[in-house]
1. Taking the highest mean first, how do the peptides 175-186, 356-367 order by number of other beta carbon atoms within 10 angstrom per residue?
2. Taking the highest mean first, how do the peptides 334-345, 148-159 order by number of other beta carbon atoms within 10 angstrom per residue?
3. Can you compute the radius of gyration and Dmax for segment 189-296, using only the Cα atoms, both in Å?
4. Where the accessible area of the chain is counted over protein heavy atoms with a 1.4 Å probe, how much of it, in %, is carbon and sulfur?
5. Roughly how many whole Å is it from the C-alpha centroid of segment 193-208 to that of segment 58-89?
6. With +1 on each Lys and Arg Cβ and -1 on each Asp and Glu Cβ, how big is the dipole of segment 223-382 about its Cα centre, in debye rounded to the nearest 20?
7. Which shape class applies to segment 239-330: rounded if a/c is under 1.5, otherwise prolate when a/b exceeds b/c and oblate if not, where a ≥ b ≥ c are the square roots of the Cα gyration tensor eigenvalues?
8. Restricting to DSSP H runs of at least four residues, report the calculated mean residue ellipticity at 222 nm for the chain, -39500 (n - 2.57) per run over all residues, nearest 500 deg cm²/dmol.
Amino acid sequence: MAEVQIRGDAVSYRKITFFIALALFAQESTWNFYDSQVPVLLREHVTSTATVGLLMGMDNLLGIFVQPWIGNRSDNTRTRWGRRMPYLAVGMPLAALLFLLLPWTTSLGTLAMVMFLYALVANTVRPLAESMVPDFIPPERRSRANAAVKIATSLTIIVASLISLLVVDEHPRGAFVVPAAILLLVTVVLIAKVRDSRSAAYRAAVAEDVGAGHGESRVPFRQIVADLVTDRDRRRLLLLLAVFLFGGAWFGFRSLITPYGMEALGLTRGEAGGLALPSGVVFVLAAYPAALCAERFGRLRTIAAGMALFAVAMAAATLVQTVTGTVVVFCVGAVGFAGFSINAAVALWNLAPSSRVLGVYTGLYAVTWYLGGFGGPALIGAMVDLTGWRAMPLDIAVLAILAVLVVVRLGQLQRRHRSASVTT
């Protein structure tokens, strides 16, 4: 009987993981197409590349403020549909509608306004589907679920590329219909199949509400942040610091890889832009094994090992500056990145003090990651100005090693915490 129950639970976890991955696949399909085609729309109205870059960066700036807020708001929502689904059921169709309007705008002002509204709504729904991973999936299986989610979102890059290749030239406006239709269709599936009021985390949060005193059933965002900063247990802060540092290393790598290929390897712009394509395929292949490694060897060990492997690959790229050698070490780095990417958010969810704050912690992870993405390219760029393009991978490796040292310290605190828990 117990074995039947375990198998039934496994099937249920796989089913809900599929729906969560489907939701994020639909959302990221519009985001990736947005990133590839909206700059072209902007250039119809403005010639300044800086202005195009500024407007395209607006969505990340909004995300810093919107994602923790919606995470907290959804954490404190109680409906018969749950706490995430009501927002997804409204927000995803609205995002699809705004996305469809983008190519029909006739001036820079209207385009910028629709971009702002789309980014606002899309940033609102972005962390909610991801937050359902810790809502439904128990801590020991979250890395596997997150691997499936990351694979699904990685595949959207291929989807956006195929739409651009097959549809855009002939139907520049009609091409926007495809990602929007995917988003609408998936919304219908989610409404029909998913009720996060049935999740273990939602039921636990409701139980905590009942046990809380009057006026304490809702957790204010400022209280969560204050607890994070003032708590003597520094594990959560250290993990966020590691996310920030490694985010800087990763986005520094992603942002500067094309000019690196041109300056250090003598490639054309197109050839340099394709340097990371094989490593993207390797990441998809490495995602699920990274989850299994976390279950077998420990999540923090896998994160630290992954970041260390990424750092070693970047250092090796400084020594092996041929096109083939660079592609190979970048593929090795992608394996290391998978070890971090699949498990870091899971580690933070598992450190959350309550089921009532999982949405906020998803938002805090995203904010920290993108803040690293904001500062990392600038820092690496400044180091390139001092050391030259050929040393750029080594500059990235240094930042990654700092993140490794933070996780090593976190692992020491984790072991002390477990020892204290056993003795008490």
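1. For the peptides 175-186, 356-367, the packing ranking is 356-367, 175-186.
2. Ranked by mean Cβ neighbours within 10 Å, highest first: 334-345, 148-159.
3. In order Rg, Dmax, the Cα atoms of segment 189-296 give 22.3, 67 Å.
4. Here it works out to 66 percent.
5. The two parts, judged by their Cα centres, are 16 Å apart.
6. The dipole of segment 223-382 has a size of about 340 debye.
7. Note, shape of segment 239-330 comes out prolate.
8. -28000 deg cm²/dmol, from helical runs alone.
The values are calculated or read from the model by the stated rules, or taken from the named source; none is laboratory data. Treat the numbers as computed from the prediction; the structure is a model and nothing was measured. Neighbour counts run over all protein chains shown; Cβ positions are idealised from the backbone, glycine included. For the accessible areas, the whole protein counts, side chains as well, though only heavy atoms, and no ligand, DNA or RNA atoms are used. Shrake-Rupley method; radii C 1.70, N 1.55, O 1.52, S 1.80 Å.
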